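Just so you know, all these numbers are worked out from the coordinates, no wet-lab data involved. For clarity, every value in this text was computed on a predicted model and none was experimentally measured. All Cβ positions, glycine included, derive from the backbone under ideal geometry; neighbour counts span all protein chains shown.
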Amino acid sequence: MATKSGYTRPRPLAGDTAPPPPSAVLYVANCGPAVGVTDADVRAVFGAFGEVEGVQAADDSGARIIVRFHEPVAAEAAMAALHGRPCDLLAGRLLHIRYSVPVKPKARPGGLLPVALAASELGIPGIYMVKEFVSVADEQELLAAVDSKPWKSLAKRRVQHYGYEFLYETRNVDSKQFLGELPTFVSTVLEKIASFPGVKECSQSTTTRLVDQLTVNEYPCGVGLSPHIDTHSAFEEMIFSLSLAGPCIMEFRKYPKGSWRAPSVVNGAGEDSSQEPECIKKAIFLPARSMLLMSGEGRYAWHHYIPHHKIDEVCDQVIKRNSRRVSFTFRKVRMGPCDCEYKQFCDSQSKRC
């Protein structure tokens, strides 16, 4: 039985959702090779109502099919005669029939969102990126160093924490639980961070130490990161993210009516939901060995997000993600409440209201 009909099961009706309009294409459940019904059986039963142009599998179950008639009136007659009734020609099998709907084309990787290749193209204040921040040799040494350490497994990725542990349940840190100085294998990276573009513009740069916390994330191919703003009360202004082992696209979203929590989480809508709140979206390509700095508005007021894709499209070029991507995220733990100018997105200041 042929597959890839281009049609699929209509969504279950809910609320004021209208049923699919009448058409020449039917979705038929409890029918197919998995339940002993052959292509010839289907054509014999449905052909009694009009010319059948095709019979295809609706999915991989083997028990749901798509029947395409030449004329809509034939499909209407077949549905009226067979839906919900035992079919004598199919050994009394009860068929469940609805009008089918076309399969929506999948969005191209990266969607229609233009992907910037440089921070200057992105146009978000406080976002900086340096390509080839570390050499290939440095990259291999860093990966070998973390692979020699124990990983903590989360639902879809593995992590390591240094300096302070990030607590995912509260999206914060316990500033009283100091784990020790950052490991020596990142010493060279820390030295180079001090001269990173944008550092001098940050108020945090006047402090004695730019960063004191490191989270290492290992993302398998296809695994991304949900939209979020790093909690203001947990960390100071500058957040550095070093991409190793593979590239990805990072998307930034600014919700005009949002808060420090992503609206999709607050409202219970999925990240791909059609009910997703209105927002401004921008995206940037992060090559392997690049370092990204999020500071100012880009850090405090924009949610950042890594789409859950196995491939990304950048400037009409399809780039397959590697089997893993490892990010080193450097931050400085905040020892008091945040008093930034982005009150709408600040958990410290929202608690005072």
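Translational diffusion coefficient of the stretch 64-196 (Stokes-Einstein, Kirkwood radius from Cα pairs, 20 °C, 1.002 mPa s): 96 µm²/s.
Using 0.36 nm per residue and subtracting the Cα-Cα separation, the extra length available between residue 177 and residue 94 on full extension is 23.5 nm. The distance between label points at residue 161 and residue 73 comes to 7.0 nm (points 7 Å beyond Cα on the Cα→Cβ vector).
Out of the GluC sites (Glu not before Pro) in the stretch 60-163, which ones are loop residues according to DSSP with at most 16 other C-beta atoms within 10 Å? Walk me through the intermediate numbers first.
Working: sites: 76, 121, 132, 139, 141; in loops: 132.
In loop regions of the stretch 60-163 (DSSP not H, G, I, E or B), the sparsely surrounded GluC sites (Glu not before Pro) are 132.
Stretched out straight at 0.36 nm per residue, the stretch from residue 254 to residue 152 would grow longer than its current Cα-Cα span by 33.6 nm.
Pairs exceeding 18 Å between alpha-carbon atoms, taken from 200/343; 254/282; 131/192: 200/343. Which of rounded, prolate, oblate describes the stretch 209-260, given a ≥ b ≥ c as roots of the alpha-carbon gyration tensor eigenvalues and a/c under 1.5 marking rounded, otherwise prolate only if a/b is larger than b/c? Oblate. Applying 1/(1 + (r/R0)^6) with r as the Cβ-Cβ distance of residue 143 and residue 59 and R0 = 35 angstrom yields a FRET efficiency of 0.30.
Among the trypsin sites (Lys or Arg not before Pro) found in the stretch 39-140, those both in a DSSP coil and sparsely packed, with 10 or fewer other Cβ atoms within 10 Å of their Cβ, are 106.
A Förster radius of 41 Å, combined with the Cβ-Cβ distance separating residue 34 from residue 113, puts the computed FRET efficiency at roughly 0.55. Applying 0.36 nm per residue to the separation of residue 81 and residue 194 and subtracting their alpha-carbon distance, the gain on full extension is 33.1 nm. Using equal-weight Cα scatterers in the Debye expression, the normalised intensity of the stretch 20-135 in log10 at q = 0.12, 0.16, 0.18 Å⁻¹ is -0.51, -0.73, -0.89. Would you mind checking which residues have amide H under 5 Å from residue 64's amide H? H placed 1.01 Å from N; only 5 or more apart, or other chain. For residue 64, the qualifying residues are 31, 58, 59. Here residue 176 is the anchor, and the aspartates and glutamates within straight C-alpha reach of less than 14 Å, apart from those fewer than 8 places off in the same chain, are 165, 212.
Taking every Cα-Cα distance in the stretch 124-179 and sorting them into 10 Å bins from zero, the calculated P(r) comes out as 17, 32, 40, 11 percent.
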